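K.L.:
Could you have a look at this structure, given as structure tokens, before my questions?
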Amino acid sequence: MGGNNEKKTVSESDLIFDKKCKCAACNADFTYKQVRTGKARFIGTDDDLRPRYSNIDTVKYDVIMCPVCGYSAVSREFDIVSDSQRIHLNEVIGSKFAGVDMSNKPFYTYDDAIVRYKMALLTAINKLPAKLSECAFLCLKLSWLYEGRLEQILDGGDKNELSDEDFSKYIVYEQGLLQYREEAYKGFSEALIKEYPPLCGMDEESIEFLIGVLAMNCGDYDEALNYLSKVVVSKKVNPKVKEKARDMMDLCKEKKMDAF
């Protein structure tokens, strides 16, 4: 019974589909690409909450962008827009937007996704009153996208082995990663003071852990230790998260010593 037992290689295109949508700002009909529910295999989560999946970076597909007026937001926020916000967004974004249609692409590249997230950030900033936490979360996700593009350029190798052309690209995306990671760190720190948790679906302790990790990755070791210690002493946090926070504190102390 000569059946073919070879497994078909799963491509990124196999894990997404085109979904119809009506723009909440201009009422235009369009399609965008969405990840098929339950199809992507989850691998794990980075310390800064970046999710990892096999054969696809699902972060690339979190933003819905209208190709007509440019209004953009993560899916949970896309339909939440008031009449006054709609008018203002049309004045500051829609009237100047030249149009970007990605509907015929087989999948979104990192560069495509970066454009979409930057439009979502521009929308969030001008969706008055702007939410600090929402802007910070978009900056965090932008840092993940830049990190993903860096990993793609390296392809498992070392940056010192890159061609001159690829090394130049690497430097540009590395700068993007550092910029948006810093913006996320500052944004969440300010949001925790000015807004009430939950923020972007995260409770206060989860935000403190995230800020601690971002502070460490930005080289602000004293602030990192300050936030992580709050997680360790909190009575609301489960033991596994506390243990993770302790591990991050140990790593932070090592990095701080190496920096001097």
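K.L.:
Rounded to the nearest whole Å³, what is the per residue volume of the convex hull around the Cα atoms of the stretch 14-130?
P.N.:
Spread over its residues, the Cα hull of the stretch 14-130 gives 107 Å³ apiece.
K.L.:
Non-local amide H neighbours of V63 (under 5 Å, H modeled in plane, Pro and chain starts lacking H): which ones?
P.N.:
Excluding prolines and chain starts, which carry no amide H, there are no hits.
K.L.:
According to the Cα gyration tensor, what semi-axes, each the square root of 5 times an eigenvalue, does the equivalent ellipsoid of the chain have, listed from largest to smallest in whole Å?
P.N.:
Taking √(5λ) for each Cα gyration eigenvalue gives 31, 27, 19 Å.
K.L.:
Further question: Please give the length that would be gained between K169 and E190 if that part of the chain were fully extended, namely 0.36 nm times their separation in residues minus their C-alpha to C-alpha distance (nm, one decimal).
P.N.:
Taking K169 through E190 to full extension adds about 4.4 nm, to one decimal.
K.L.:
Given the options Y146, Y173, Y53, which has the most mean-square fluctuation in a GNM of the chain, springs set between C-alpha atoms less than 10 angstrom apart?
P.N.:
Y53
K.L.:
Based on alpha-carbon centroids, what's the gap between the stretch 242-260 and the stretch 121-165 in Å, whole number please?
P.N.:
Using only Cα atoms, the two centres lie 24 Å from each other.
K.L.:
Cα to Cα, under 13 Å, and not fewer than 8 places away if on the same chain: which aspartates and glutamates meet these conditions relative to K127?
P.N.:
Reachable aspartates and glutamates: E77, D79, D83, E91.
K.L.:
Could you work out the local net charge near P198, counting Lys and Arg as +1, Asp and Glu as -1, over the other residues with Cβ closer than 14 Å to its Cβ?
P.N.:
-3
K.L.:
First select every other residue whose beta carbon is under 15 angstrom from the beta carbon of D155; then total the charges, Lys and Arg +1, Asp and Glu -1.
P.N.:
Here the charged neighbours net out to -4.
None of the figures in this text is laboratory data; all of them are computed from the coordinates on show. Every value quoted in this text rests on a predicted model; they were computed, and no experiment measured them. Glycine gets a Cβ as well: all are built from the backbone with ideal geometry, and neighbour counts include every protein chain shown.
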